[in-house]
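**Student:** For reference, the structure I am asking about is given below.
Derivation of every value follows stated rules applied to the coordinates shown; laboratory data play no part. Predicted model, so just to flag it, every value in this text is computed and none were measured. In this analysis, Cβ positions are derived from the backbone assuming ideal geometry, glycine residues included, and neighbour counts consider all displayed protein chains.
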Amino acid sequence: MKIILIYPYFLDQRVKTEDVSVVPIGLYYIGALLKENKYDVEIWNWHEINKTPHIIEEELKEKKPDVIGFSIVHANRWGGIDIARIAKRILPEVKVIFGGIGATFLWEHLLTYFKEIDYIVLGEGEYTFLKLIQCFDEGSYEKISEIKGIAFRKENKIIKTDNAELIHNLDTLPMPSKYFEFQHLSSSRGCPADCTFCGSPRFWGRRVRFHSPEYFVAQLEQLYSKGITFFYISDDTFTMRKERVIEICKKIIEKDLKITGFAISRVNYIDEELLYWMRKAGCIQISYGVESGSEKIRNVLNKRIKTEDIMRAFELTHKYGILARAYFIYGSPGENWETIQEIHKIKPLSIIFYILDIFPGTALYDDLKRRKKIDDDIWLSRVEDIMYFETDPQLSREMILMFGQRLRTEYYKYLPDFAMSVKLEERSDLYQSHADFLSRLAMTFSHGEYSIMETIPNREEVAKKLYVRSLSYFPNQRAYLGLGILLQKEHKYEESIEILIEGINRFPESESLGTCIGVSYMNLGRFEEALKHFLRFPKSVEALKYAATCYRLIGDVEKESAILKMLASS
Ligand code: SF4
């Protein structure tokens, strides 16, 4: 039996595709459980397949799956429906299963209106999905109604079975890393909080379950052995159990896994000891759901965190050389010019802004149904979601756009001050990581995301100061290079050479530092000295191109053409 698990596309184009490009970890867990039970499974990340729609048919015709499972996170449900329609046309016998948070909260609606969907797996899906596949495999269709946690059509009626029990011990699940490669992984399921805009509380039931540190680190190790060194921990609140997280961190250090990663947490589950160990184990960013600078708005969203706690968490996170990023929502009930002013108290070094959205399975959606006397039929519209402001006469699209603009302007105006005011823990074993943190931050201002934002004042000046500060802690390759390039931009070639030479003495193998020194010498017309640096990297196309130019400029045509020939033949 051939099973394909598909993560389908979204309707709307995103500015940053990383918001939607990652296959949810749940699909890997299902895939691993099926493989462990000897089923033939593939996972297809089709988040962009709508850009090349002919491939949908081609792939389905070639693979001829017996079963297709779709991972639905609500906003990609139309992608799932579209692909399911094509699949049913080409392969009328194929069984189509929808699962995930988007399918769980709209099961009745989906089965009522979309005949191409045969089954819906509700809630936590691994064992339910497996049991369904086993029934297909054995041809025992009569047993399907005994499986807990599914909804389906039978004799023109829609049937929903009892809820499946949550998996008691998550470690009993086969490790997805045994079969797949991925960077986003989770160490727990669930969140104890109850924010009105979030589907997690109802999907997982607010009881949090954890993998053991052994299981989680073994999975990291397995992925590390496959060459993956950067990870995203997508738990709702990774730091909820401090001792457990410290144990994970110590194991990562003990096993000498040279990894870096991002995590997500809540501001009230953070303290200095925890942050210390997280940084030591390679954590370089923690995202916190702040949602609003205004306590009044946070209360409306049932966020239940205090401004002082947010300020403290951001300050402490930065103190340990971890970038604290804020998720920020605007366009909430009661939003006004006053509530959106309060952003700068928190001093985040990065923010992701969202407009408040309403999804099924949330308290906000229940409230919408009550207020507007509507039902799930509204999802028959080919839309991804409903923005809260569209349902509130006190708000309008123009107002929301202006709020968003004001928030961003306010934030970016103060961002250089936030970056310059970071206080780091004075502890010598952290100096190397402080240098790394400051140079990464500097790079966002000099070459990264912030470098192209006109609304951020003094970007290069800020970057320069951060690079210098980085080097005051520990020699850092990124800082030497960044500083060298900034000085080149200011035409201070002598100074640039000085700092880059200091860098290359520390990192003699660095091709980028060597090439950059050569470029500075070229700008001073000192081609012979430039050549010495370029020729140290005979495998670098860039260095060789510069070397050829140097030969041309000093009139050595023979050597120039020898290099050009070599480049042409390589
Ligand atoms: S938004 Fe975050 S803190 Fe709130 S319920 Fe969802 S996962 Fe938990």
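**Student:** Please give the FRET efficiency for Leu166 paired with Met399, using the beta carbon to beta carbon distance and R0 = 41 Å, rounded to the nearest 0.05. All intermediate terms of the calculation are to be shown ahead of the outcome.
**Tutor:** Details: r = 42 Å, r/R0 = 1.02.
Efficiency at R0 = 41 Å is approximately 0.45.
**Student:** Determine which lysines satisfy two conditions relative to Lys306: a Cα distance under 18 Å, and not lying fewer than 8 residues away in the same chain.
**Tutor:** Counting by Cα, and skipping residues close in sequence, Lys306 has these lysines nearby: Lys296, Lys345, Lys347.
**Student:** For Lys255 and Lys372, calculate 0.36 nm times their separation in residues minus their Cα-Cα distance, and state this gained length in nm to one decimal. Present the calculation step by step, with values, prior to reporting the outcome.
**Tutor:** Details: separation 117, 0.36 × 117 = 42.12 nm, distance 5.60 nm.
Value of the extension gain: 36.5 nm.
**Student:** Between Val383 and Tyr354, what length comes free when the chain is fully extended (0.36 nm per residue of separation minus the Cα-Cα distance, one decimal in nm)?
**Tutor:** Numbers: separation 29, 0.36 × 29 = 10.44 nm, distance 1.71 nm.
The span from Val383 to Tyr354 would gain 8.7 nm if fully extended.
**Student:** Checking the cross-link filter: which lysines have an alpha carbon closer than 27 Å to that of Lys489, excluding same-chain neighbours under 8 positions apart?
**Tutor:** Output for Lys489: Lys413, Lys464, Lys465, Lys532, Lys539, Lys545.
**Student:** Let me ask something additional. Between helix 431-446 and the chain, what is the angle of the helix's C-alpha long axis to the longest principal axis, kept within 0 to 90° and rounded to the nearest 10?
**Tutor:** 90
**Student:** Exposed loop sites here are GluC sites (Glu not before Pro) in DSSP loop states with at most 12 other C-beta atoms within 10 Å. What is the longest stretch of the chain lacking them?
**Tutor:** Working: sites that count: Glu93, Glu155, Glu165, Glu181, Glu338, Glu426, Glu454, Glu490, Glu509.
In short, 182-337.
**Student:** Between Glu155 and Glu273, what's the calculated FRET efficiency when r is the beta-carbon distance and R0 is 60 Å? Round to 0.05. Don't skip to the answer; put the middle values down first.
**Tutor:** Details: r = 60 Å, r/R0 = 1.00.
The computed FRET efficiency comes out at 0.50.
**Student:** Normalised by the number of residues in the chain, what is the relative contact order in percent for Cα pairs under 8 Å and 6+ residues apart? Don't skip to the answer; put the middle values down first.
**Tutor:** On the way: 978 pairs, mean separation 46.0, N = 570.
Over the chain, the number comes to 8 percent.
**Student:** Separate question: Using a simple spin-label model with points 7 Å from Cα along the Cα→Cβ vector, what separation in nm is obtained for Asn37 and Met566?
**Tutor:** 6.0
**Student:** Can you work out the Karplus-derived ³J(HN,Hα) for every residue in segment 71-78? Use 6.51 cos²θ - 1.76 cosθ + 1.60 with θ = phi - 60°, whole Hz, and x for glycine or proline.
**Tutor:** For segment 71-78, the Karplus-derived couplings read 8, 10, 10, 6, 5, 10, 5, 5 Hz, x marking Gly and Pro.
**Student:** Please give me, ordered by residue number, the trypsin sites (Lys or Arg not before Pro) of segment 421-509 that lie in loop per DSSP and have at most 13 other Cβ atoms within 10 Å.
**Tutor:** Numbers: sites: Lys423, Arg427, Arg440, Arg459, Lys464, Lys465, Arg469, Arg478, Lys489, Lys492, Arg506; in loops: Lys423, Arg427, Lys492.
Sites meeting the loop and neighbour criteria: Lys423, Arg427.
**Student:** Distance in nm between label sites at Asn302 and His447, each 7 Å beyond Cα in the beta-carbon direction?
**Tutor:** Here the modelled spin labels are 4.6 nm apart.
**Student:** With each run of n ≥ 4 DSSP H residues scored as -39500 (n - 2.57), what mean residue ellipticity at 222 nm is computed for the chain after dividing by its residue count and rounding to the nearest 500 deg cm²/dmol?
**Tutor:** Taking each H run of at least 4 residues, the total per residue is -14000 deg cm²/dmol.
**Student:** Also: So, in nm, how far is label Glu342 from label His184 when the simple model puts each one 7 Å beyond its Cα toward the Cβ?
**Tutor:** Reported label-point gap for Glu342 and His184 is 3.1 nm.
**Student:** Show the residues, 5+ positions off or on another chain, whose built amide H is closer than 5 Å to the amide H of Leu5.
**Tutor:** Glu42, Ile43, Trp44, Gly69
**Student:** Considering only the chain, what is the antiparallel percent among its DSSP beta bridges, to the nearest 5? Don't skip to the end; give the middle numbers.
**Tutor:** Numbers: 11 of 50 bridges.
Percent antiparallel among DSSP bridges in the chain is about 20.
**Student:** Right, next: In the chain, which cysteines lack any other cysteine Cβ under 4.7 Å from their own?
**Tutor:** Cysteines of the chain left without a disulfide-compatible partner: Cys135, Cys191, Cys249, Cys283, Cys516, Cys550.
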